[in-house]
Every structure is written in C-alpha cells, then in structure tokens.
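Handing you this structure, nothing more for now.
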Amino acid sequence: MNELQHILQAFVHTQKSAQRSALAMVVQTSGSVYRRPGARMLLVEDGQMINAISGGCLEGDVFERAQSLMFGGGEPIVVRYDTTSDEDIVFGFGLGCNGVVDVLIESLGDETAASQMSFIQDCLQSGQVGAIATVFKIEGASDITVGSRMMLKSDGTVINHVANIFIAQKIEIDTHQALRKKQTCVQSYTLPQGRVDVLIEVIHPLVPLLVFGSGYDTIPVVHLAKHLGWHVTVIDDRPGYLRGDRFPQVDQILWCELNDSHSYKHLLTPQTVAVVMTHRYLSDLAFLKTLIPSQVRYLGVLGPKRRMQKLWDDLSEENIITTSAQEQRIYNPVGLDIAAETPQEIALSIVAEIQAVIGGGRGSFLRDRPGSIHSLLEQPCLTLAL
C-alpha cells in the first residue's frame, strides 16, 4: 500500500468513527530536505499520525499546531521550518538537513480541503493522471485564500475552488501543462497588488504491473510490488498455479490459453510495466509475441542473454521485428546488478529496476550522483497583468 492509499484508507476510517482529522502537506522546499512537495500526513484527534512529512523530526510539532484546526476550525496555516543555520541543531529541531520546508496544515472538516481526498481516490481507482493546484502563500491579494484549489483530470474535468477568475484561468493553463509533462512544480504569480504561490502537484495512478508466470519466484515480486502500492495482475496458462492462497495480495489473477492474448491484451497500455518469468521457453515466446509490439513502458524478461537471443531468433521467424523504441523498453537480463541469488533478492532487483525506469533514475549509487539526490522542481515566476 502506498502513502496515498494509506492516508485515504485512514481518512475513510475517521469519517466512519466520527473522528476529527487534519492534513499536513509539504508545499515548498529548498536546500537539503527529507521529503519533497506533495508529501502528506494525516493527523487524527486520537493521536494517530498516518505517514510522515520528514524523517520524524517535524511530525510532533505539526500535530500540536493542527490541534486548534481539528477542534476549533479556522483557516489553513502554513508553517516554515528553517534548518539552514547551525543554531537549529542546538536550539531548534536538530534536523541537520540544511534546508527549508513549508508545510500547509488544514482541517479535513472543511469541505474544500476534504474534496482533494475524493479526487485523489478517483484518480487512483480510475487509472487517470490528475493534478491538484493548491494556493499556499498570498501577499496583497484579498480575493484568494490559502488552501484554495483547482483540480484537473486527464479527461478534461476541472474542479475549481479559486475565487479570482483571472488567476484561476492562469492556474488552469499551468496545471494543464503540468498534466502533459506529468511533473509537479511550484508556480509564483506576481500581480500588481501582490503575489500568489501555488503548488501544482501531479497525482499518478497506481503502477499497473503484469507478471507473466506464477512460479515460486513470482511470489516475492508480487509481495514487493504490493508493498509499494502497485496494481498487480498475475497471468499464466497453468490453472493449477493460479491459486488465491499462493497470491493472497494480488489484485487480479488471469488464466489464458498460451497463444490467445484476448484476456490480457487490453491491459497493455503505455502506463503498464510487465515481467515475463514463466521459466518455460515456449510460454515466454508466446507471451513476447504480444508484449513486444505493445505499448508497455517496461518489459523485463527473466533469463540469460543467450536464451534471449534464441527468443529473438524465433520471434523474427514469426515476423516480430522490433523498432528501436521497443528495444529500449526491453530489459534482459531483468533486474539491477545487486549480486542477487535468492528469489527474494532477485525480486528486489527486478522491482528496483522497474522503479528506476518509471521514476527516471539510473539505478546507480547515490554517492556517485552529482548534486541533489532529488530532481529539482521547476519554479518559473509569471507576471500577470490585470
């Protein structure tokens, strides 16, 4: 279960039990920090804190600040935690991170604040990419409030709670652009009477993973993928292996005829990642006939290079000719080089490689990466004329 799923599940529970709750979200950072903009934490009146917005240093203070919002209501607040000075180690929180974190705290008793929860849930369930633009800082402008939001779905649906029509139009343009680029960013709008800062956060649907094969070594792959909150489907032509007691966490189990892709072909979208690990040559060959020409963004094939070369030879005889773009999406031998030997270690290398590919990482040692270990958010400043 990923963080957003965990928060949504806990929020539903608070509603059923009539408990007050608040949400804390990182909206802007600079320097070295533990979490990036968009990181959320659910705060419940009974003391629960679901997920984290730091390495454990800020959560207690954030919970104390949220008390007045949970029990007394009021407008959302933004708290700045500045750890850039040496004095912080002695007198402050002692983070030692040398960064600045701005945290938006708001009561989920407020309908506008709570609407983001249902929007995120809908994005995750429908498989649509969405974007949420949240106003978190205002200087001079009186007709906009902190916590105002605009939410967009990839199908064009717009939900707007930003009162200023002119600024709302500008935010909508930038939010559409963030959706196209699938990149979270912070926008600063300079107006004649002041300034408005907005976090535009892209909400990604669950990663759809197709595992072709249901042998013993697929079980830890499924376990790790589900721990990350991915949507996992196991596909095989052996009904005896496709049992619920072997894959209790899996979202879907599909049995198929070996040379009939009808049952799973509709799942091969540009968002899909797939791993072929049947340990049977003819099964791998049959599945690859469908997978290679598809739009999947990652295709891992278990087995050594010499076995894959034979598969390529047999596929070419079936007139399966790959383009350079398709070849770039195929990973064989599958997994990162972490000296894996056991099924659990191999599963870790496979899932880590998929995460590196879909996240744009290189799968190398962080100590060898120049600069920040996080991708920097774009922060253009737009001057708007009223």
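FYI, it's all coordinate maths here, none of it is from the lab. The structure displayed is predicted, hence computed values, not measured ones. Note that we place each Cβ from the backbone using ideal geometry, even for glycine, and neighbour counts take in every protein chain shown.
How compact and how long is segment 112-205, expressed as Rg and Dmax of its alpha-carbon atoms in Å?
12.7, 42
Could you give the angle, 0 to 90 degrees to the nearest 10, between helix 59-72's Cα long axis and the longest principal axis of the Cα atoms of the chain?
Helix 59-72 and the main axis of the chain meet at about 60 degrees.
In deg cm²/dmol, rounded to 500, what helix-only [θ] at 222 nm does the chain give when every DSSP H run of at least 4 residues adds -39500 (n - 2.57) and the total is split over its residues?
After summing the helix terms and dividing by residue count, I get -10000 deg cm²/dmol.
What FRET efficiency comes out for the pair Arg65/Gln19, r = Cβ-Cβ distance, R0 = 22 Å, nearest 0.05?
Calculated value: 0.75.
Can I ask one more? Please tell me the relative contact order of segment 208-364 in percent, rounded to the nearest whole number, where contacts are Cα pairs under 8 Å and at least six residues apart.
Reported relative contact order: 22 percent.
OK, next. Calculate the FRET efficiency for Arg367 and Val100 from the Cβ-Cβ distance with a Förster distance of 30 Å, rounded to the nearest 0.05.
With R0 = 30 Å, the Cβ-Cβ based efficiency is 0.80.
Here's a follow-up. Any idea what angle helix 343-359 forms with the longest principal axis of the chain, computed on alpha-carbon atoms, 0 to 90 degrees, nearest 10?
60
Can you figure out the FRET efficiency of Gln183 with Thr269, using R₀ = 25 Å and their beta-carbon distance, to the nearest 0.05?
About 0.80, to the nearest 0.05.
Let me ask another. Treating the angle as unsigned and between 0 and 90°, give the value, to the nearest 10°, between the Cα long axis of helix 281-291 and the longest Cα principal axis of the chain.
50
Can you give the extra length, in nm with one decimal, that the chain gains between Glu111 and His176 once fully stretched, where that is 0.36 nm per residue apart less the Cα-Cα distance?
Between Glu111 and His176, full extension yields an extra 21.0 nm.
A further question follows. For Gln9 and Asn319, calculate 0.36 nm times their separation in residues minus their Cα-Cα distance, and state this gained length in nm to one decimal.
106.8 nm
Let me ask something additional. Starting from 0.36 nm per residue, how many nanometres of slack lie between Ile159 and Asp82 once their C-alpha separation is accounted for?
Extra length available between Ile159 and Asp82 comes to 24.4 nm.
Along Cα→Cβ, 7 Å out, is where each label goes; now give me the distance between the ones at Glu345 and Arg297 in nm to one decimal.
Calculated label separation equals 3.0 nm.
Continuing with this model, one more query. If one puts a single equal scatterer on every Cα of the chain and applies the Debye formula without solvent, what log₁₀ I(q)/I(0) results at q = 0.08, 0.10, 0.12 Å⁻¹?
Debye curve over Cα of the chain, log10 I(q)/I(0) at q = 0.08, 0.10, 0.12 Å⁻¹: -0.51, -0.76, -1.02.
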